[in-house]
1. Can you give the FRET efficiency for MET1 and LEU21, using 1/(1 + (r/R0)^6), R0 = 22 Å, r = Cβ-Cβ distance, to the nearest 0.05?
2. Looking at the chain, which trypsin sites (Lys or Arg not before Pro) are in a loop (DSSP not H, G, I, E or B) and have at most 10 other Cβ atoms within 10 Å?
Amino acid sequence: MQTLIYGAYVLVWPALTLGVLALICRAVWRDMRAANKDDRDLV
């Protein structure tokens, strides 16, 4: 049982990291599309 808890604890961090990375990529993609639509630079 303790091994299962430790395994879940270790595996949850990559899942959280992947979720945050997806959120950041989605926001950047949305900003890129808005900048292209308005004919502006992203930076």
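Taken together, the values in this text are just the output of simple stated rules run on the coordinates, not laboratory data. Treat the numbers as computed from the prediction; the structure is a model and nothing was measured. Cβ atoms come from the backbone with ideal geometry, glycine included; neighbour counts cover every protein chain shown.
1. 0.10
2. Counting only loop positions with at most 10 other Cβ atoms within 10 Å, the trypsin sites (Lys or Arg not before Pro) in the chain are ARG40.
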